[in-house]
1. Given the conditions (1) touching a helix residue (DSSP H, G or I) at 6+ places or on another chain (Cβ under 6 Å); (2) surrounded by fewer than 22 Cβ atoms within 10 Å (Cβ to Cβ); (3) more than 22 Å from His79 (Cα to Cα), and given that Glu161 satisfies all but one, which numbered condition is not satisfied?
2. Tell me yes or no: at least one residue of segment 70-79 is under 14 Å from Val197 (Cβ atoms) and part of a loop (DSSP other than H, G, I, E, B).
3. In this structure, is Arg186 under 21 Å from the mean Cα position of the chain (by Cα), basic (Lys, Arg) and modelled with pLDDT under 90?
4. I'm trying to understand the selection: among the residues of segment 243-292, which are among the β-branched types (Val, Ile, Thr) and either closer than 18 Å to Leu122 by Cα or touching a strand residue (DSSP E or B) at 6+ places or on another chain (Cβ under 7 Å) (or both)?
5. May I ask you to list pairs of residues, at least six apart or on different chains, whose Cβ atoms are under 8 Å apart, with the first in segment 72-95 being of a type in the set (Val, Ile, Thr) and the second being assigned to a loop (DSSP other than H, G, I, E, B) and modelled with pLDDT under 95?
6. Kindly provide the set of residues from segment 296-307 that are more than 15 Å from Leu122 (Cα to Cα) and at pLDDT below 75, ordered by number.
7. For Lys252, all conditions in the list (1) touching a residue at least 12 places away in the same chain (Cβ under 8 Å); (2) under 17 Å from the mean Cα position of the chain (by Cα); (3) farther than 22 Å from Lys25 by Cα hold save one; what is the number of the exception?
Amino acid sequence: MWLLLAFISAALLGVYDVSKKAALKDNAVIPVLVLNTVISTLIFLPFSLDFACGWHLFSGTPFDTYPFQDPENHISLLHAHLLLVLKSVIVLSSWIFGYYGLKHLPITIVGPINATRPVMVLLGAIFIFGERPNLLQWAGILVAFLSIFLLSRSSKKEKIEFKSNRWILFVAVSTVFGAISGLYDRFLMNRLMPMFVQSWYVIYQMLMMTVVLLAVWYPRRKSDTPFRWSWWIPTISVFIAMADIAYLSALKEPGSMIAVISLIRRGSVLVSFLFGALLFKEKNLKAKAFDLSLTLLGMILIWLGSR
């Protein structure tokens, strides 16, 4: 079941990436991100209220809002919320860098870079949890890094230098934070329930982004890219909400593996790459498709090594 949920999450993430790209076209990044967190909070508000008000309307369902996995042996509620605050910081760090990078780069470049996130998750598992990759996993890591090297060369045709382009650096930083988020989610799912995590951390995200909006963007809004409403903005929130529910539910399933789930979710790059070609009319697709195929080969090798 967790594999099916991971594939569903991957498909939804692909549409989410496309929605971000469309919403950010000639638009201010911070307000778009703030509205994303506001709409996400509204989507999950019934679940956070269910727990806060003690209604228990979803008790016994997959959307149960009870916080703890083990009712008899759990951390304090304050500790649980502090863990979610940290999750919000990690995710928002990934989003802020990622949104800016995606705004200024073709999605057919951003997608393959993001697709290397499972490599970083695996490396994190090596250094944090002491895991030791086998031969196939090492081969997958090397092939994935080779694909990034080739992507940097093919991107020169669009005058995008990986070494000096700050938006490439933004996407790389976003990918690192995304990998940290994946490892942290595994940690959380050993302690907390998916809907509790999802329905509360979006609230902390909204509060944090409101502070960023008022302190960073609003004072210099007249000199920055102006904000304009786009119906792609609520689409971002809807698809990331559904993708995250499927993702956290997959992590909660017995026997699920974060390295494999992270790998499957990066299959979203196929959706975003297709839309980059059809919807955004991006260039140099043949070379990028070859680079992407190497990235996917690396992911397959990691998957085979993780079985």
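1. (1) is the only condition that Glu161 fails.
2. Scanning segment 70-79 turns up at least one residue that is under 14 Å from Val197 (Cβ atoms) and part of a loop (DSSP other than H, G, I, E, B).
3. Yes, satisfied.
4. Hits for segment 243-292 are Ile258, Val260, Ile261, Ile264.
5. Ile75/Arg191
6. Answer for segment 296-307, where residues must be more than 15 Å from Leu122 (Cα to Cα) and at pLDDT below 75: there is none.
7. Every condition holds for Lys252 apart from (2).
Here is a yes/no grid of residues against (1) in a helix (DSSP H, G or I); (2) closer than 30 Å to Ala215 by Cα; (3) open to solvent by 30 Å² or more (accessible area, probe 1.4 Å):
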{"position": "Ala22", "(1), (2), (3)": "yes, yes, no"}
{"position": "Leu35", "(1), (2), (3)": "yes, yes, yes"}
{"position": "Leu42", "(1), (2), (3)": "yes, yes, yes"}
{"position": "Asp50", "(1), (2), (3)": "yes, no, no"}
{"position": "Trp55", "(1), (2), (3)": "no, no, yes"}
{"position": "Phe58", "(1), (2), (3)": "no, no, yes"}
{"position": "Thr61", "(1), (2), (3)": "no, no, yes"}
{"position": "Leu82", "(1), (2), (3)": "yes, yes, yes"}
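The values are calculated or read from the model by the stated rules, or taken from the named source; none is laboratory data. These numbers were taken from a predicted model, which means no experiment stands behind them. We place every Cβ from the backbone using ideal geometry, glycine too, and count neighbours over all the protein chains shown. Just the protein is used for accessible areas: all its heavy atoms, side chains included, with ligands, DNA and RNA removed. Shrake-Rupley method; radii C 1.70, N 1.55, O 1.52, S 1.80 Å.
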